[in-house]
Amino acid sequence: METMTHQHHADAHRDDTASKIGMWLFIFTEILLFGGLFIVYSVYRHMNPVAFHLAHEELSITMGFINTIILLVSSATVAISISAIQKNDRKLTLLMLGITLLLALTFLVNKYFEWGGKFEHGMYPGSELMKNLSNGDMLFFSLYFFMTGLHGVHIIVGMVLLGITLYKVKTGAVNSGRYALLENSGLYWHLVDLIWIFLFPLFYLIH
Amino acid sequence: MENEKHHIVPYLTHIMVLLGLIVLTVITVLITSVELGAYNTTAALIIASLKGAVVLLYFMHLKFDHKIYWVMVSIVIAIFAAVIVVTFFDYLYR
C-alpha cells in the first residue's frame, strides 16, 4: 500500500476520474454518430418496409448470431480483466486481454467471409449489381455496408487500444494501482459491443 | 478525486451477466422467427435495449461507479430519444 501512495504523489498531474470522464464524453460522440445512422436506417425502413424485409434475407442469421456471441463473450473477458487487475492478478488480466483480442480477430475473420461472399456475388458499394437495385434494396445494402463497416473500423481501433493496454500490463506500466488505461480501453470495447447489440436485430432479424 | 473508492466486481457477476446476455440474444432470435406482425420489431428492440442497459450498468460499471457517469449517460440517451421522437412525428404526420 505504501509504495502505491508513494507512486501516486510522484505524479502530480494524474487524475483518473478526469480521464474517465473524458473517455465517456468521447463515447457520447460515438453514440450520437451511430445513433444518427440508426435514425437514418429507421426512416428509410419505414419508407421501404417490403424492400428492407426482402433484402435482409440475403444476410445469414447464423453468422450474425455467432458474431453477437463472440462480442458478448469478449466484453465479459474485458470486464473480468479489469476486476483481475484490481485484485492485482496480472496473469489473469493478461490472459483475459489475450482472449479478447483473439475473439476480436475471429469477429473480423467472420466479417471477412460474410462480406467476401457478398463481393463474390457482385454485391459491393458502387458495383453494377448494386446500381441496378431498386431504391429500397440499395438503401438497405448501402446502410448495411456502411454501418457494419464503420463498426468494423471500431473493432480494429478497439484491438489497437487493447493491444497497447496488454503491452503496458506486461511491462507493469498498467498495474493494480494505476489502471485507468485498461478501464478506458475497456469502456471503448463495451461501446463496440453495445453498438453491435443494436446492429444485429436491425439488419439480421427483420421480420 | 483521490478518495474515490473502487468497487471490485466479482468474476462470477461478469459470468452471470454474460449468460444473461446470451439468453436474451437467443430469445431475440427465437422471437423474430415467429410471426407477430409489427410486434416483432418492437420485441427485438425492447430486448436490445435491455441488453444495452445491462452492458452499460454492469460491464461499463455505471451501477458501481460515481453517480455522475450515470447522470451523464442518461442525459445523452434522453437527447437521443427526443431526436427519434421528433423525427418520427415529422415522418408520420407530415
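The values are calculated or read from the model by the stated rules, or taken from the named source; none is laboratory data. Remember, it's a predicted structure, so these values are computed and weren't measured experimentally. Quick reminder, even Gly has a Cβ in these numbers, built from the backbone with ideal geometry, and neighbours come from all protein chains shown.
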Inset, instruction - Could you check residue B:48 against (1) hydrophobic (A, V, I, L, M, F, W, C); (2) surrounded by fewer than 19 Cβ atoms within 10 Å (Cβ to Cβ); (3) facing another protein chain (nearest Cβ under 8 Å) and say which number it fails? - result: (2)
Inset, instruction - Among residues belonging to region B:1-17 that are more than 8 Å from chain A (Cβ to nearest Cβ) and over 21 Å from the mean Cα position of the chain (by Cα), point out the one that is surrounded by the most Cβ atoms within 10 Å (Cβ to Cβ). - result: B:7
Inset, instruction - Take residue B:64 and decide whether it is closer than 21 Å to residue A:193 by Cβ, more than 9 Å from chain A (Cβ to nearest Cβ) and touching a residue at least 40 places away in the same chain (Cβ under 8 Å). - result: yes
Inset, instruction - For residues that are aliphatic (A, V, I, L, M) and within 7 Å of chain B (Cβ to nearest Cβ), scanning just region A:33-44, find the one that is farthest from residue A:154 (Cα to Cα). - result: A:43
Legend entry - Among the candidates B:23, B:29, B:34, B:83, residue that is at negative phi and within 16 Å of the chain's Cα centre (by Cα): B:23
Inset, instruction - Working carefully through the options B:36, B:92, find the one that is among the aliphatic types (A, V, I, L, M), at pLDDT below 95, touching a His at 6+ places or on another chain (Cβ under 9 Å) and not in a helix (DSSP H, G or I). - result: B:36
Inset, instruction - Identify all residues within region B:18-30 that are among the aliphatic types (A, V, I, L, M) and within 7 Å of chain A (Cβ to nearest Cβ); write none if there are none. - result: B:18, B:21, B:22, B:29
Inset, instruction - Would you point out the residue of region A:165-207, among those that are within 13 Å of residue A:100 (Cα to Cα) and of a type in the set (A, V, I, L, M), that is surrounded by the fewest Cβ atoms within 10 Å (Cβ to Cβ)? - result: A:166
Inset, instruction - Working carefully through the options A:116, A:136, find the one that is at negative phi and touching a residue at least 40 places away in the same chain (Cβ under 8 Å). - result: A:136
Legend entry - Which listed residue, of B:87, B:41, is over 25 Å from residue A:26 (Cα atoms) and either among the charged types (D, E, K, R) or part of a helix (DSSP H, G or I) (or both): B:41
Inset, instruction - State all residues of region B:37-58 that are touching a residue at least 12 places away in the same chain (Cβ under 8 Å) and either within 15 Å of residue A:195 (Cα to Cα) or more than 13 Å from the chain's Cα centre (by Cα) (or both); if no residue qualifies, say none. - result: B:43, B:44, B:47, B:48, B:50, B:51, B:54, B:55, B:56
Inset, instruction - Need at least 3 residues that are under 28 Å from residue B:19 (Cα atoms) per element, so show me which helices (runs of 4 or more DSSP H) inside region A:16-100 make the cut, counting only ones lying wholly within it. - result: A:16-47, A:61-86
Inset, instruction - Kindly check whether there is at least one residue in region B:52-59 that is loosely packed, with under 11 Cβ neighbours inside 10 Å, at the interface with chain A (Cβ under 10 Å from one of its Cβ atoms) and under 24 Å from residue A:62 (Cβ atoms). - result: no
Legend entry - Qualifying residue in region A:71-93 (condition: under 20 Å from the mean Cα position of the chain (by Cα), closer than 17 Å to residue A:158 by Cβ and surrounded by fewer than 19 Cβ atoms within 10 Å (Cβ to Cβ)): yes
